[in-house]
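Down below is the structure, laid out as structure tokens.
The values are calculated or read from the model by the stated rules, or taken from the named source; none is laboratory data. Source: prediction; values computed, not measured. Here the Cβ is made from the backbone with ideal geometry for all residues, glycine too, and neighbour counts use every protein chain on show. In case anyone asks, the SASA skips ligands and DNA or RNA and just uses the protein heavy atoms, side chains included. Shrake-Rupley method; radii C 1.70, N 1.55, O 1.52, S 1.80 Å.
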Number of protein chains: 2
Amino acid sequence: MTREIPLVQTGTHGREGSAPERSLQLTQVVEWNDGQVHPHEDALAAEEPLEIRIGQNPLTVTMRTPGHDSELAAGFLLTEGLIEEAGQISALLPYVTTAGGKSNGVEVQLQDCEFDPAQIQRNFFAASSCGICGKASIDAIRKRGLRAPSGDFTVDPELLCALPEKLRSAQTVFGHTGGLHAAALFDSAANLIVLREDIGRHNAVDKVIGWAFLQGMLPLSEHLMLVSGRGGFEIVQKALAAGVPVLASVSAPSSLAVQLARELGLTLVGFLRGRRFVIYSGALRGTASTV
Amino acid sequence: MTREIPLVQTGTHGREGSAPERSLQLTQVVEWNDGQVHPHEDALAAEEPLEIRIGQNPLTVTMRTPGHDSELAAGFLLTEGLIEEAGQISALLPYVTTAGGKSNGVEVQLQDCEFDPAQIQRNFFAASSCGICGKASIDAIRKRGLRAPSGDFTVDPELLCALPEKLRSAQTVFGHTGGLHAAALFDSAANLIVLREDIGRHNAVDKVIGWAFLQGMLPLSEHLMLVSGRGGFEIVQKALAAGVPVLASVSAPSSLAVQLARELGLTLVGFLRGRRFVIYSGALRGTASTV
């Protein structure tokens, strides 16, 4: 009852890449509009599970929108604290999973031949569970070696206000379905560097960071990250893992996100809409105020 | 730099309960508005980790908004397929976790003395990873024993259109912060039965279902569930676990959500806004059309 749209792959990286094949599915729906019933074809954001394994050892399964899977796997390993350098990865191998015959797996091969899967599992568990209160979580983050973003990157508030519209106009899949989150990197002149979309907020961020990681661009000390959804704890954690100095969102941050951003010196902006935003942590040039 | 608001606990269950204590934190922020800078106090949606354990065995940690934790734990166990009957639970015991001194844990005690933690862990892993393609996922769901919702519950489109406003007006915490998702149950006359809010979409759904589960109301074959966010695969899965026949959302569903809803006969409505909605699966009385 659904069929996939073979969208043109617009590149596995770079400014233009945001609409890989298998991102959308067309299907028949029935619209009710003020009492009138209207059957038509509608586009759905694709959601499929992706298995990430280290060599032959399964690590995790995440529900994601297909596309940029290798970047997602690389970004996930970095932002969850399992690896620190792109050089630790010797290969990223997409594989076809048995059921369905689709490429819904990425095998990550690491350089270290002494690699211990049990150690990775322990680290991963520690990163996922991350303590039982905010304090313990932040202590755990510190133990992972996350540091304050380096450099003196600053943002012009006028340029900042222009970013949500740039994000929206680059969100090709979102335009069709209204169902995808987006994350994007911008430079200090508000140029869009890379944008990724996914049904999962965390995955969109991991795809963006994974792309930059594989390009050798980390730490991202001269970049700003904008996310379409909320700025939660894990999004702040991922931004810090990539060395991003400024994280902006069009919606609200959580209490723990603000706490972590303040402790580690990340500038956190929320409710970036029109000519207004709220600074929850850090400072911007031109605002003359520091939270 | 933040302080908690000791909101009055408005009840652990029922129509009125949506703003438990510790749901909000006040903090100092700086607002930038068209070039003017304005420091003020702002409310943040609280986010803290909750550990759920079965007896003394840790099961999972979820980032959630504090409040209704026992319902969250009970709902999580049900919707992830770990238990089937409320009678299997002999006690739900909130406990204070060592770091921070806050109640950020729930211990679930089960009736079955022959309980095998390794078996639960295996089941849980199976439920979480849920296959590697949509087909395998849906097969796994079937193996869990999820069935088509029973009964002949139908919805009047006019009543359906009234639900988002009822949801919004009952969302007390959201009104303060803009940062929380909501899930709610309604009966066929569009009466709000229960509403829960959380920083995580899945948690809001688990809190609602957990409340009904502990009330002995399952299967919820005479109820409709409305969620504030998107209707993804896992939300559909949770609705099916509770026997909900109609799931509505104000936003878009995913491809896999639609596929699962169609396979198991759940009515799935999206983009419920104003006097318009889209039926992705099943039928409503009065629409004269079935997807």
Average beta carbon contacts from partner chains per residue of B:273-282, 10 Å cutoff:
4
Amide H neighbours of B:Gly105 under 5 Å, counting only residues 5+ apart in sequence or on other chains, H built in-plane at 1.01 Å?
B:Glu51, B:Tyr95, B:Thr97
For the pair A:Gln56 and B:Thr154, the simple spin-label estimate (label points 7 Å beyond Cα toward Cβ) gives in nm 5.8 nm
Under Karplus coefficients 6.51, -1.76 and 1.60, residue-wise ³J(HN,Hα) of the stretch B:230-246 in Hz, glycine/proline x
7, x, x, 3, 5, 5, 4, 4, 5, 4, 5, 4, 9, x, 6, x, 9
Suppose a student asked you for the relative contact order of the stretch A:157-281, using Cα pairs under 8 Å spaced at least 6 residues apart; what percent would you report?
20 percent
In whole Å, how far is the Cα centre of the stretch B:34-86 from that of the stretch B:187-210?
14 Å
For the pairing of chain A with chain B, what total accessible surface becomes buried, with a 1.4 angstrom probe, in square angstrom to the nearest 100?
5200 Å²
Over the stretch A:157-281, average the accessible area per residue using a 1.4 Å probe and give it in Å², no decimals.
25 Å²
Residues with amide H under 5 Å of A:Thr60's amide H, sequence separation 5 or more or different chain, H placed in the peptide plane at 1.01 Å from N; which?
A:Ile52
Hey, what do the phi angles of the stretch A:148-162 turn into as Karplus ³J(HN,Hα) couplings, whole Hz, using 6.51/-1.76/1.60 and θ = phi - 60°, x for Gly and Pro?
4, x, 8, x, 10, 4, 10, 10, 7, x, 5, 5, 4, 5, 7
Determine the alpha carbon to alpha carbon distance for each of A:Lys166/A:Lys238; A:Lys166/B:Lys166; B:Lys166/B:Lys238; A:Lys166/B:Lys238; B:Lys102/B:Lys207; A:Lys102/A:Lys166 and list only those over 27 Å.
A:Lys166/B:Lys166; A:Lys166/B:Lys238; A:Lys102/A:Lys166
Among A:201-211, B:254-264, how do they line up from the highest to the lowest mean number of other beta-carbon atoms within 10 Å?
A:201-211, B:254-264
Non-local residues with an amide H under 5 Å from the amide H of B:Leu44, with H modelled 1.01 Å from N and Pro and chain starts lacking one, are B:Gln25, B:Leu26, B:Thr27
Using θ = phi - 60° and the Karplus form 6.51 cos²θ - 1.76 cosθ + 1.60, what ³J(HN,Hα) does each residue of the stretch A:197-211 get, whole Hz, x for Gly and Pro?
10, 7, 5, x, 4, 5, 5, 4, 5, 5, 5, 5, 5, x, 4
What order do you get for A:69-79, A:144-154, B:226-236 when each peptide is scored by the mean count of other beta carbon atoms within 10 Å, highest first?
A:69-79, B:226-236, A:144-154
Which of the residues in the stretch B:35-70 show a loss of at least 50 Å² in accessible area from their chain by itself to the complete set of protein chains, at a probe of 1.4 Å?
B:Leu44, B:Glu47, B:Pro49, B:Val61, B:Met63
Quick one: dipole size for the stretch A:157-281, taken about the Cα centre, charges +1 on Lys/Arg Cβ and -1 on Asp/Glu Cβ, in debye to the nearest 20.
300 debye
